[in-house]
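Let me give you the structure first, and then I'll get to my questions.
The values are calculated or read from the model by the stated rules, or taken from the named source; none is laboratory data. These numbers come from a predicted model, not from an experiment. Using ideal geometry, Cβ is built from the backbone for each residue, glycine included, and neighbour counts are taken over all protein chains shown.
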Amino acid sequence: MGGGVLLPAVEKASPVRLAVAYTAICIIWGSTYLAIKVGLESFDPFFYAGLRYLIATALGLAALLVLRVPLAGPISRWWPAFGVGILFVAICNGMVFWAETRLDSGYTALLITANPLWIAAFELLVKGESRLGRRGWIGLGIGLVGTVLLLEPWRGGRIELAAALVVELSVIIWSATALWVRRIRNRYHPFALSVAQMAAGGAMLLGVAGARGHTTVGPVTWRALAGLGFLVVFGSLVAFGAYFYLLKHWPASRVATSTYINPVVAVALGWALLGERVSWLMLVATGVILAGVALVLREEPEVTGEEERT
């Protein structure tokens with residue numbers, strides 16, 4: 001849903017709104033890993049993810065009506081938005097939900113920090129995308145060093161390799177899809193695009209859950225329901241709306257630096273509320289990551305001719 005609004009090619013964005021949107025995806029998506037983990041105590045991962053997006057879609061449609069965002073248009077205009085949902089929601093989020101049945105919430109978040117590096121690599125292959133300059137690449141490199149310190153690869157034996165690889169694959173798919181969103185971003189209102197992709201992805205996830213024949217894995221607890229509520233309102237409606245808004249105004253690699261901050265939030269919450277492991281090395285690595293993020297955010301990306309026209 002979103003094809004009914006064709007936004008102007010050039011639209012000035014308020015620095016304050018951009019800052020608020022960026023802060024929102026940093027904190028909210030960092031918190032979702034905890035919400036996912038507690039919900040998985042009661043729900044099957046694919047049913048849990050699908051239910052999250054089904055409810056969020058219903059609330060999002062109501063919000064679009066209140067905001068008077070037009071949703072009319074031929075179905076052909078909606079296919080790109082639905083495709084984003086299949087990739088972002090059904091595949092990438094489905095992978096993460098499944099992986100958290102086997103991995104700590106904080107560690108799962110750490111695996112996502114490679115996202116800006118993958119996006120920067122894909123940008124080199126896509127005509128018209130922004131290219132980071134020297135300062136930006138140094139920032140990404142520093143962020144990678146911090147990520148390696150957080151992962152502590154020299155500690156073997158505590159990570160289930162299959163689940164970790166699934167999360168990394170989801171990062172690659174997400175990064176490529178983010179660049180595709182940059183190509184279609186002017187066709188849709190950001191919030192309408194968010195609702196459309198949640199509808200398509202949520203439907204597919206519920207289909208997978210139905211095929212598996214699972215809905216719950218244990219008693220439905222109040223904290224599992226609280227986790228679901230957080231994922232619906234903040235993790236889906238608020239965060240995805242902010243994310244697509246940022247992709248309209250910033251290069252995808254710059255938006256992706258939020259994935260350096262998400263793990264900081266996730267690790268802190270996992271340690272405080274679930275007793276997950278945290279070391280002094282993790283705290284040092286956090287400082288290194290934030291230094292890298294600062295460099296990337298201060299960078300003025302090199303822009304090719306096609307991007308200048310959008």
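Per-residue answers, yes or no, for (1) farther than 20 Å from MET95 by Cα; (2) not hydroxyl-bearing (Ser, Thr, Tyr):
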| position | (1), (2) |
| --- | --- |
| ARG185 | yes, yes |
| TYR188 | yes, no |
| SER194 | no, no |
| ALA199 | no, yes |
| ALA203 | no, yes |
| ARG223 | yes, yes |
| GLY227 | no, yes |
| GLY241 | yes, yes |
| TRP271 | yes, yes |
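Name every residue in the stretch 230-243 that is surrounded by 23 or more Cβ atoms within 10 Å (Cβ to Cβ) and among the aromatic types (Phe, Trp, Tyr), in order of residue number.
The answer is PHE240, TYR243.
Quickly run through the stretch 182-229 and pick out the residues that are crowded, with 18+ Cβ neighbours inside 10 Å, within 24 Å of PHE82 (Cβ to Cβ) and small (Gly, Ala, Ser).
Hits for the stretch 182-229 are ALA192, SER194, ALA196, ALA199, ALA200, GLY201, GLY202, ALA203, ALA209.
Taking the stretch 254-273, which residues are in a helix (DSSP H, G or I) and of a type outside the set (A, V, I, L, M, F, W, C)?
Of everything in the stretch 254-273, those that are in a helix (DSSP H, G or I) and of a type outside the set (A, V, I, L, M, F, W, C) turn out to be ARG254, SER258, THR259, TYR260, ASN262, PRO263, GLY270.
Return the only residue of VAL38, VAL16 being of a type in the set (A, V, I, L, M, F, W, C), over 19 Å from TYR188 (Cβ atoms) and surrounded by fewer than 19 Cβ atoms within 10 Å (Cβ to Cβ).
Just one listed residue meets the conditions, VAL16.
For the stretch 150-181, enumerate the residues that are modelled with pLDDT under 80 and either assigned to a helix (DSSP H, G or I) or over 16 Å from ALA109 (Cβ atoms) (or both).
Within the stretch 150-181, LEU150, LEU151, PRO153, TRP154, ARG155, GLY156, GLY157, LEU161, ALA162 qualify.
Can you tell me which of GLY275, GLY210, GLY202 is in contact with a Leu (Cβ under 6 Å, 6 or more places away or on another chain) and either modelled with pLDDT of 90 or more or of a type in the set (Ser, Thr, Tyr) (or both)?
Only one candidate qualifies: GLY202.
For the stretch 64-76, indicate whether the set of residues that are hydroxyl-bearing (Ser, Thr, Tyr), modelled with pLDDT under 95 and in a helix (DSSP H, G or I) is non-empty.
yes
What single numbered condition from (1) at pLDDT below 90; (2) farther than 14 Å from ALA252 by Cα fails to hold for ARG131?
Every listed condition holds for ARG131 apart from (2).
Let me ask another. Looking at ILE119 and the list (1) surrounded by fewer than 24 Cβ atoms within 10 Å (Cβ to Cβ); (2) among the β-branched types (Val, Ile, Thr); (3) over 16 Å from PHE234 (Cα atoms), which single condition is not satisfied?
For ILE119, the exception is condition (1).
Right, something else. Which residues, taken from the stretch 12-43, are over 14 Å from GLY227 (Cα atoms), touching a residue at least 24 places away in the same chain (Cβ under 8 Å) and in a loop (DSSP other than H, G, I, E, B)?
Result: ALA13, single match.
Does PRO251 satisfy the criteria of being touching a Pro at 6+ places or on another chain (Cβ under 7 Å), crowded, with 23+ Cβ neighbours inside 10 Å and at pLDDT below 85?
yes
Only one of these is in a loop (DSSP other than H, G, I, E, B) and either among the polar types (S, T, N, Q) or touching a Leu at 6+ places or on another chain (Cβ under 9 Å) (or both): VAL84, VAL126. Name it.
Unique residue meeting the criteria: VAL126.
OK, next. Report every pair of residues separated by at least 6 positions or lying on different chains whose Cβ atoms are under 8 Å apart, first residue within the stretch 213-233 and assigned to a helix (DSSP H, G or I), second aromatic (Phe, Trp, Tyr).
Listed pairs, sorted by first residue: ALA224/PHE43; LEU228/PHE43; LEU228/TYR48.
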